[in-house]
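Since the structure comes first, as structure tokens, the remarks are kept for the end.
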Amino acid sequence: MGTWWRGTALVAERGLVENVRSRSFKVLTGLLLLLSIAAVTVPQLISGDKTTYTLATTGKAPVGIVAALDAAGKSADFTVRYISRADGNAVRLAVRDGDATSGLAAGTLYTKARETGTFPVLVAQAVVALETSRQLSEAGLSPAQVTELQSIQPPRQVSVGQVDDEGRAGAGFAVGIVLYLALTFAGSAIATTVATEKSTRISEVLLAVLRPSQMIVGTVLAFGTITLIQLLVLATPLTVAVRVTDKIGLPAVAAGDIGLAVAWFVLGFALYAFLFAAAAALVDKITEVSSAILPVTMILVVGYMLAVTIVMSDPSGGWSVAASIFPLTAPMAMPIRWASGQVPVWQLILAMTLTAATAMLLVAVASSIYRRALVITGHRVRLREVMRDRTAS
Amino acid sequence: MGLRIRDVAHSFGDRLALDGVRFDVAPGVITGLLGPNGAGKTTLLRIMLGVLSPDRGEVQYDGRPVGEQDRRTWGYMPQERGLYPGMPAGDQVAHFGRLHGLSRRDAVSRAHALLTELGLGDRWSQRTDKLSGGMQQRLQLATSLVHDPSVIVLDEPFAGLDPVAVASLSETLRQRAGTGCTVLFSSHQLDLVQDLCEDIVMVDRGRTVLLGSVATLRASSGRRQLRVHVEAPNHDWLLAFPQVTVVSEEADDLRLAVPPGIEPLELLDAARAAGRVVDFGLDLPTLSQLFLAAADRTLDPAGVR
């Protein structure tokens, strides 16, 4: 086992070094970094101006109203500007001419026609609250009792849908998207490397010292690491932004969900990476790679579509359960289903075990194809040919 | 020490590539695995290196079946080039050294020494696909020698080389054999490698047809030819040797096949008695001729060059 890992690590190290040195890696990673920084900073720049509301009053705005509105502004992220006008008519004109968002004069709240914003509601609430507490005090209640009455909250509002928690659903979704995108890049890179080794006959030298499983696992490890580096590059600006400013609202996701997402990503990546490697081992010339991996790409696309459409529409339907346990769709379907909170744990464990077992089986199949396809050159090897040889010998 | 090939057979589907091949390769001796295209040479080498598994028979090293650990100490140069095109030359050699079990430091220092020895010292950081064909060939050799292998196996190492490269590769192989390495290489260009091999194994259609030391095989083949230019009016002096046949006769050159049992010197004496001998020589058969005789093939269009 020790030598197996040593050889595998050497294969992985070589693949990693060659790729990190390559121009395409630098360009792609740089691009990802720029993209990520842009995704974090651009919305900030655009929404940089805080919303400002203006309240026009006759004379100075009442202290109670100002205090209530400023407090609301702090929690809802807006500022309020106060302007004073001589009389009620001047206040009305200020609102009509657009100098103020709302106007308050002698028990009348002026708002613009068709004004649908929250500000007038807030002003009205402040006025009502102020008047209520004044009347309560006059009725003989102590200031503590008044505060208590004012702190009565309306019932908490919860949107009811298929998914229990938006944040968790987001994490489930993210696994699918990230896995799909990562595999589109890494899958063809893995296939190209395997096909290069085969078409240049490096494999023949390697097979004298390594087992095919070492070459395949090593190559997949190298590209897995590269993908991880690129994901970190993509995630770093976001993480920094979340730490430094608290303006970016990330859905609160439990650490367990993140751990599960990572586990599914690793499983799904391994499964499809080995599938790509096996497909590439059938290739005779490097130019045939894209057509050889087409079936794998198709499976990936269909798997992703199934996961998104079927599972999102009905997470506990029979098809959804099947899709979330079948190894080729499980890495994309199960995280979304799991987020719905309606999945028994045994289904999760079954899906993970099946996916891991299939990945291991694919290592064996890819290794077998690799070794057998090596001695058949001059044409693209058909899968049937490799399997027939296997039974013959 | 040394390699033993014992009754190795392999077939691809219905096609029998090897049919019970058996021979030994001694250490310190350059051994040629010779035969026409399609004789089964590459298949045999791949079986020796563990790339293919034989249907029957086994390869022994040091008196026991060869294992993965043994092969890690061997060096193998395949027929078609197997190098990573995008990798710098030096890294490539060091990588293969490490795959064969060297530490990173040893691999790098030996790669430096070897590239210098092979005249590639200044190409360390150049991409492999930017090197000329001849340089890539030497780089390939370096990747198979970097770990100081105890057994060196080369598949058609001379194919496509110019005479200078042939001489320099031969020199490298002689040097390694001189230090006690077991050197086995295959070739279909029998006469090109005639002077390099000490021992040969000839295979044809998956069978061993001839093996042994080149010098002994050539001397004892019984297919010696006496080339003599004698100023005599006729060939009457030959009448005393009925077993001797005339192979060819040109203006000033008579070629005679000298069967075993006839002493070539007696033949020469008879010629001198008949007239002045201007030029003479005893030609041993070439490896191609030995092959043709052993394989019982005379005019096969796919035959021997």
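Quick look at the values:
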quantity	calculated
The stretch A:83-129, residues that are surrounded by 17 or more Cβ atoms within 10 Å (Cβ to Cβ) and under 30 Å from A:Glu148 (Cα atoms)	A:Ser102, A:Gly103, A:Leu104, A:Ala105, A:Phe119, A:Pro120, A:Leu122, A:Val123, A:Ala126, A:Val127
Qualifying residue in the stretch B:205-226 (condition: of a type in the set (A, V, I, L, M), in contact with a helix residue (DSSP H, G or I) (Cβ under 6 Å, 6 or more places away or on another chain), part of a strand (DSSP E or B) and closer than 20 Å to B:Val25 by Cα)	yes
Unique residue being small (Gly, Ala, Ser), under 24 Å from B:Ser187 (Cα atoms) and in a strand (DSSP E or B) when the list is B:Gly50, B:Gly75	B:Gly75
Test: B:Ala302 is at pLDDT 85 or above and either in contact with a helix residue (DSSP H, G or I) (Cβ under 7 Å, 6 or more places away or on another chain) or loosely packed, with under 13 Cβ neighbours inside 10 Å (or both)	no
Count of the stretch B:1-40 residues which are away from chain A (no Cβ under 11 Å), of a type outside the set (A, V, I, L, M) and touching an Asp or Glu at 6+ places or on another chain (Cβ under 7 Å)	8
Tally, over the stretch B:44-65, of residues that are surrounded by 22 or more Cβ atoms within 10 Å (Cβ to Cβ) and either at the interface with chain A (Cβ under 8 Å from one of its Cβ atoms) or without any contact (Cβ under 8 Å) to a residue 40 or more places away in the chain (or both)	5
The stretch B:151-202, residues that are in contact with a Phe, Trp or Tyr (Cβ under 7 Å, 6 or more places away or on another chain), in a loop (DSSP other than H, G, I, E, B) and among the polar types (S, T, N, Q)	B:Gln189
Condition broken by B:Asp122, with the remaining ones in (1) more than 12 Å from every other protein chain (Cβ to nearest Cβ); (2) in a helix (DSSP H, G or I); (3) surrounded by 14 or more Cβ atoms within 10 Å (Cβ to Cβ) satisfied	(3)
Single unsatisfied condition, A:Ala322 versus (1) among the small types (Gly, Ala, Ser); (2) out of contact with any Gly (no Cβ under 7 Å at 6 or more places or on another chain); (3) within 19 Å of A:Ile258 (Cα to Cα)	(3)
The stretch A:73-88 residues that are closer than 9 Å to A:Thr51 by Cα, paired with ones that are exposed (fewer than 12 other Cβ atoms within 10 Å of the Cβ) (beta carbon under 6 Å, 6 or more apart)	A:Thr79/A:Lys50; A:Thr79/A:Thr52
Candidate set: the stretch B:66-112, residues that are within 27 Å of the chain's Cα centre (by Cα) and small (Gly, Ala, Ser); chosen: the one farthest from the other protein chains (Cβ to nearest Cβ)	B:Ala111
Condition broken by A:Val158, with the remaining ones in (1) at pLDDT 75 or above; (2) loosely packed, with under 13 Cβ neighbours inside 10 Å satisfied	(1)
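The values are calculated or read from the model by the stated rules, or taken from the named source; none is laboratory data. Values in this document were obtained by computation on a predicted structure and should not be read as measured data. As a convention, Cβ positions derive from the backbone with ideal geometry for all residues, glycine included, and neighbour counts pool all protein chains shown.
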